[in-house]
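All remarks here apply to the structure that follows.
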Amino acid sequence: MSDTIRAVILGIIEGVTEFLPVSSTGHLLLAERFFGLGEGAFWDSFTVLIQLGAILAIVGLYFKKLWDVAIGMFSGDAYARRFVIGVLVAFLPAVIVGLIAGKYIKSMLFNPWVVCFTLIVGGAILLWVDQLDLKPREHDATRFPLPTYLLIGVAQCLAMIPGVSRSGASIVAAMLLGADKRAAAEFSFFLAIPTMIGAFAYDFYKSRAEMTMDHMGIVAIGFAVSFVTAIIVVKSFLEYVTRHGFTLFAWWRVIVGSLGLIALALGR
């Protein structure tokens, strides 16, 4: 398979799964294990670098809201300032855990068995939360209480285990803390911006010596594909979960995880 085709396929997987509660990292690891996609040091970095394309999709879709927050910060808007502080507070736990345990997590837990088990367990949790008779009291992702932002950030740390899903952990925590489905999903998008930009910058710095012009071209293809795919998925996802909830994505996780375990048990 040519590198261009690999880049397109991985870009689609990234764009489709990054903001759904199904774990983009888990799906990319399974794609590497079962289909030979993304093997090697460059491709490990590639799957992190193309996340920036998905993040720019969020920036584009929410540009007006993000711009209003940026202007509000400097014009004395208390809500805008509190939201920015809230995002930073939610981002901080992942930074701390990543610095302390990031290498251990990658060396010990980044394998397809862990991914498959966590996909299934996460799917069961998502099904459970979706069936609860929750009474949402927070309907605007930019106006959660500061303790809510912090607890969502703590929950996001679980997503360092591949297969858990960063957006899934954030959404479940936000809903249990009183957010409605749409607000929970939207905050997971906003929290992804600093989280994934940080991961991009760190990985780009680590792999800078490997970035030949050919490699940069492959990354650019994956970046563009993930950007376009993420725009389509996010717009559809918000409308879907507002009306139907997360059951579809919970079963998606369970089915993919179960098929993965069967394939691993058969030695595939």
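Given the criteria closer than 24 Å to A41 by Cβ and among the aliphatic types (A, V, I, L, M), does I105 qualify?
Against the criterion (closer than 24 Å to A41 by Cβ and among the aliphatic types (A, V, I, L, M)), I105 qualifies.
Scan the stretch 244-268 for residues that are surrounded by 13 or more Cβ atoms within 10 Å (Cβ to Cβ) and at positive phi and report the count.
Going through the stretch 244-268 one residue at a time, the tally reaches 1.
Six or more apart or on different chains, Cβ under 8 Å: which pairs go from a residue in the stretch 103-129 that's within 16 Å of T25 (Cβ to Cβ) to one that's open to solvent by 30 Å² or more (accessible area, probe 1.4 Å) and not in a helix (DSSP H, G or I)? Could you list them?
I105/I161; L109/I161; V114/I161; T118/I161; T118/V164; G122/V164
Any residue in the stretch 116-138 that is open to solvent by less than 30 Å² (accessible area, probe 1.4 Å), over 17 Å from S167 (Cβ atoms), at pLDDT 90 or above and in a helix (DSSP H, G or I)?
Yes, some residue in the stretch 116-138 is open to solvent by less than 30 Å² (accessible area, probe 1.4 Å), over 17 Å from S167 (Cβ atoms), at pLDDT 90 or above and in a helix (DSSP H, G or I).
Could we say that A185 is in contact (Cβ under 8 Å) with a residue 24 or more places away in the chain, surrounded by 22 or more Cβ atoms within 10 Å (Cβ to Cβ) and closer than 20 Å to L20 by Cα here?
Yes; evaluated as a whole, the condition is true for this residue.
Residue check: is V241 open to solvent by less than 70 Å² (accessible area, probe 1.4 Å), in contact (Cβ under 8 Å) with a residue 12 or more places away in the chain and either in contact with a His (Cβ under 9 Å, 6 or more places away or on another chain) or over 22 Å from F190 (Cα atoms) (or both)?
Judged against the criteria, V241 is not a match.
All but one of (1) closer than 18 Å to L126 by Cβ; (2) open to solvent by less than 40 Å² (accessible area, probe 1.4 Å); (3) under 16 Å from the mean Cα position of the chain (by Cα) hold for D180; which doesn't?
Against the list (1) closer than 18 Å to L126 by Cβ; (2) open to solvent by less than 40 Å² (accessible area, probe 1.4 Å); (3) under 16 Å from the mean Cα position of the chain (by Cα), D180 comes up short only on (3).
Has the stretch 202-219 got any residue that is crowded, with 20+ Cβ neighbours inside 10 Å and either of a type outside the set (D, E) or more than 18 Å from the chain's Cα centre (by Cα) (or both)?
yes
Can S236 be described as at pLDDT below 95, under 26 Å from A94 (Cα atoms) and not acidic (D, E)?
No: the conditions fail for S236.
Looking only at the stretch 149-173, how many residues end up being of a type in the set (V, I, T), part of a helix (DSSP H, G or I) and without any contact (Cβ under 8 Å) to a residue 60 or more places away in the chain?
0
Based on what the data block shows, is V84 touching a residue at least 60 places away in the same chain (Cβ under 8 Å) and either open to solvent by 20 Å² or more (accessible area, probe 1.4 Å) or within 21 Å of R182 (Cα to Cα) (or both)?
Criteria not met by V84.
When you check G98 against the structure, is it at pLDDT below 90, open to solvent by less than 60 Å² (accessible area, probe 1.4 Å) and closer than 22 Å to A201 by Cβ, yes or no?
In short, yes.
How do the helices (runs of 4 or more DSSP H) wholly within the stretch 1-75 filter down when requiring 2 or more residues that are open to solvent by less than 10 Å² (accessible area, probe 1.4 Å): which remain?
Qualifying helices (runs of 4 or more DSSP H): 3-17, 24-35, 41-49, 51-61.
Is it the case, given these coordinates, that S236 is more than 19 Å from Y79 (Cα to Cα) and of a type outside the set (F, W, Y)?
yes
Suppose we filter the stretch 145-162 for residues that are within 22 Å of D130 (Cβ to Cβ), modelled with pLDDT under 95 and crowded, with 20+ Cβ neighbours inside 10 Å; how many remain?
The total comes to 3.
The values are calculated or read from the model by the stated rules, or taken from the named source; none is laboratory data. Please read all numbers here as calculations on a predicted model, not as lab measurements. Here Cβ is always computed from backbone atoms with ideal geometry, including for glycine, and neighbour counts include all displayed protein chains. Calculation scope for accessible area: heavy atoms of the full protein, side chains included, ligands and nucleic acids excluded. Shrake-Rupley method; radii C 1.70, N 1.55, O 1.52, S 1.80 Å.
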